[in-house]
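Remarks on the structure that follows.
The values are calculated or read from the model by the stated rules, or taken from the named source; none is laboratory data. Source: prediction; values computed, not measured. Note that we place each Cβ from the backbone using ideal geometry, even for glycine, and neighbour counts take in every protein chain shown. What goes into the accessible areas is simple: the full protein's heavy atoms, side chains included, and nothing from ligands, DNA or RNA. Shrake-Rupley method; radii C 1.70, N 1.55, O 1.52, S 1.80 Å.
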Amino acid sequence: MTDKFKDYREALMNAVERRDEISSTVEKLVQNGVENVFFVGCGGSLAVMYPAWYIMQELSDIPSFIFNAGEFNKLTHKKFGKSSLVITASYSGTTPETIEAVNIAKSKGAATIGFTGKMESPLSKAVDNVFVNNAKVGATDANLIMLYQIVFKLMKEMKDYDRYEDIAKCLDTLPDSLVKIKESAEEEAKRFAEAYKNEKIFYTLGAGLGWGEAYAFAICILEEMQWLTAQPIHAGEYFHGPFEVVDENANLIILKGEDFSRPLIDRVIDFSKKYTDRLIIIDTKQYPLPGVSEAYRGYFTPFVLSAVLDRFANRLADERNHPLSTRRYMGKVEY
């Protein structure tokens, strides 16, 4: 491992090492009664929750829901109440909609878990259970590791899933494996950045456990951090309107995971390659995950995609001379 990803690995290790604390927290929550789970957030902090929600949809009888925080705050959900668990995140810990969602949850007597990078932030003070990872880099992937620990432990305690220990062992391998994936993705990322640095419009396609990554790469990286026009498109919706914009100049970033959604992505690729050769396909199968058996690789789709897309984002920013930290409005003006 090179020193280049040292801070990233440390962030992931920090998340892995929270397992005992997370397990104890989940056990207490289940003892107090959990009937349903609400994943609530904004932007990238919402996108990172999609894999956990999909996993619960596939493996669990526990009702689970996912909402943009602003929408959650305006909606009176019939199933939301004192036996609900709200899981939310904000790296800064200051996102107004997210803090409001926590306050609404507490007013209903619901339990709350929050992920943040700042221990003294409003979010960390508002939630019942806070997990802080003040990472220089890799905070999103670290949050995803902790989210997996929570949902798989929750399903174990509620008798929905009996392979929690297997998943935990897989998570232990991620700090080293994801660093190696980042290293191996550098050349592909360089080619992407050099070829597409002057493009202004992108479409990112994904589904299933890769949907959150497609959504976040479009709105958080290409739009927020690069000021480009980008549209996240769910692969299942591609043939119900979006494919009409595809021609020889369309730039499609297609995220192909190994979960249940893979056939949907294959259909998108099979069609699109007939009309454009500007396809950027990231297939998680190309990247080794030592310690993760074939049976579980699908669940780790978002980790692989996130590691690769990080290198794509950084290379593109370098080629365009537009740092990922540059903002026009966010944190600069009132909104």
At 1.4 Å probe size, with no ligands or nucleic acids counted, give the accessible surface of residue 77 in Å², nearest ten.
40
Enumerate the whole-percent occupancy of each 5 Å bin, from 0 to the last occupied one, for all C-alpha pair distances of the stretch 95-172.
3, 14, 20, 19, 20, 13, 9, 2
5 Å is the cut-off here: which amide hydrogens, built 1.01 Å from N in the peptide plane, fall below it relative to residue 130, excluding neighbours closer than 5 in sequence?
114
I need the semi-axes of the equivalent ellipsoid of the stretch 171-287: take the C-alpha gyration tensor, multiply each eigenvalue by 5, square-root it, list largest first in whole angstrom.
23, 18, 14
Which values of log₁₀ I(q)/I(0), to two decimal places, follow from the Debye formula for the chain at q = 0.09, 0.10, 0.15 Å⁻¹ with a uniform point scatterer at every Cα?
-0.46, -0.57, -1.33
Taking only protein heavy atoms into account and a 1.4 Å probe, give the accessible area per residue of the chain in Å².
45
What do you get for trypsin sites (Lys or Arg not before Pro) in the stretch 47-93 restricted to DSSP loop and a cutoff of at most 13 other Cβ within 10 Å of the site's Cβ?
78, 79, 82
What residues have an amide H closer than 5 Å to that of residue 233, excluding those fewer than 5 places away on the same chain, when H is modeled at 1.01 Å from N in the peptide plane?
204, 205, 206
Would you mind working out the magnitude of the charge dipole of the chain relative to its Cα centre, with +1 at each Lys and Arg C-beta and -1 at each Asp and Glu C-beta, to the nearest 20 Debye?
580
Mean shadow area of the stretch 1-104, taken as a quarter of the surface of its Cα convex hull (nm²)
8.2
The stretch 148-204: which trypsin sites (Lys or Arg not before Pro) are DSSP loop and have at most 16 other beta-carbon atoms within 10 angstrom?
159, 163, 197, 200
With DSSP loop assignment and no more than 13 other C-beta atoms within 10 Å, the GluC sites (Glu not before Pro) in the stretch 258-335 are 294, 334
Taking all protein chains in place and a 1.4 Å probe, what share, in percent, of the accessible surface of the stretch 1-154 do carbon and sulfur account for?
47
What nm value, rounded to one decimal, do you get for the distance between residue 186 and residue 125 when each label is placed 7 Å out toward the C-beta?
4.4
Which stretch or stretches of the stretch 241-273 have amide N atoms under 20 Å from the point lying 7 Å from residue 195's Cα along the Cα→Cβ direction?
246-257, 265-273
Would you kindly derive the ³J(HN,Hα) couplings of the stretch 122-138 from the backbone phi angles with the Karplus curve 6.51 cos²θ - 1.76 cosθ + 1.60 (θ = phi - 60°), listing them in order in whole Hz, with x for Gly and Pro?
x, 5, 4, 7, 7, 7, 6, 10, 10, 10, 9, 9, 7, 7, 5, 9, x
Using a 1.4 Å probe and ignoring any ligands, DNA or RNA, find the accessible area of residue 186 and quote it in Å² to the nearest 10.
20
In nanometres, what is the gap between the two model label sites at residue 61 and residue 227, each 7 Å from Cα along Cα-to-Cβ?
5.4
Taking 35 Å as R0, compute the FRET efficiency from the Cβ-Cβ separation of residue 239 and residue 28 and round it to 0.05.
0.15
Helix-only [θ] at 222 nm, the chain, -39500 (n - 2.57) per DSSP H run of 4+, per residue, nearest 500, equals -13500 deg cm²/dmol
Nearest-20 debye value, the stretch 78-143 charge dipole, Cβ charges on Lys, Arg, Asp, Glu
280
